[in-house]
Amino acid sequence: QVQLMESGGGLVQPGGSLRLSCAASGKAFTIYRMGWYRQAPGKQRELVATISGHGVDRNLADSVRGRFLISIDRDKNTVHLEMRNLKPEDTAVYYCHLDVWIGLLPRSELWGQGTQVTVAS
């Protein structure tokens, strides 16, 4: 069984920075892709940023490109999202997402419980 542990988030003023982290733990798993999605009140969940398990391929939403940076610590199976120049429209619940092989099972996906990011004066 694989579990996700999210950390970071909170309240920050416009223009500020935050860092989100998500650690995957368990036995016999291989990360295919890992990253963050977000959902603001009344809106659908949307992709923020994802990164491949080997850290080579990154995918960022247009709305965050140039402000957010995603990285992966392969030794710790942890993905980090550095968020800079935050805007009120970045306010949302951020969910960690893991696309993973567990043992010999077909690839599956897991979601974290979510962490609130609020950008306000």
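Some points to look at:
- In this structure, Leu81 does not qualify as closer than 16 Å to Thr30 by Cα, in contact (Cβ under 8 Å) with a residue 60 or more places away in the chain and not acidic (Asp, Glu).
- In the range 23-39, the qualifying residues are those that are open to solvent by less than 40 Å² (accessible area, probe 1.4 Å) and within 18 Å of Arg84 (Cα to Cα), and the one that is farthest from the chain's Cα centre (by Cα) is Arg38.
- Criterion violated by Ala92 - all others in (1) closer than 17 Å to Gln113 by Cα; (2) free of Cβ contacts under 8 Å to residues at least 12 places away in the same chain satisfied: (2)
- Checking the stated criteria, Pro41 turns out to be in a loop (DSSP other than H, G, I, E, B) and at pLDDT below 95.
- Selection within the range 48-83 - among the aliphatic types (A, V, I, L, M) and closer than 22 Å to Gln3 by Cβ: Val48, Ala49, Ile51, Ile70, Ile72, Val79, Leu81
- Checking Glu89 against (1) in a strand (DSSP E or B); (2) at pLDDT 95 or above, the condition it does not meet: (1)
- Residue in the range 74-89 that is on the phi > 0 side of the Ramachandran plot and of a type outside the set (Gly, Ala, Ser) present: yes
- Within the range 49-74, the only residue that satisfies the criterion of being of a type in the set (Val, Ile, Thr), more than 17 Å from Arg38 (Cβ to Cβ) and either touching a residue at least 12 places away in the same chain (Cβ under 8 Å) or not in a loop (DSSP other than H, G, I, E, B) (or both) is Ile72.
- Only one entry of Leu104, Leu69 meets the criterion of being open to solvent by 30 Å² or more (accessible area, probe 1.4 Å) and at pLDDT 95 or above, and that entry is Leu69.
- Within the range 1-22, being assigned to a strand (DSSP E or B) and either among the hydroxyl-bearing types (Ser, Thr, Tyr) or open to solvent by 60 Å² or more (accessible area, probe 1.4 Å) (or both) holds for Gln3, Met5, Ser7, Leu11, Arg19, Ser21.
The values are calculated or read from the model by the stated rules, or taken from the named source; none is laboratory data. Computed from a predicted model, the values in this text were never measured in an experiment. Positions of Cβ are backbone-derived with ideal geometry, glycine not excepted, and every protein chain shown enters the neighbour counts. Just so you know, the surface numbers come from the protein's heavy atoms only, side chains and all, with ligands and any DNA or RNA stripped out. Shrake-Rupley method; radii C 1.70, N 1.55, O 1.52, S 1.80 Å.
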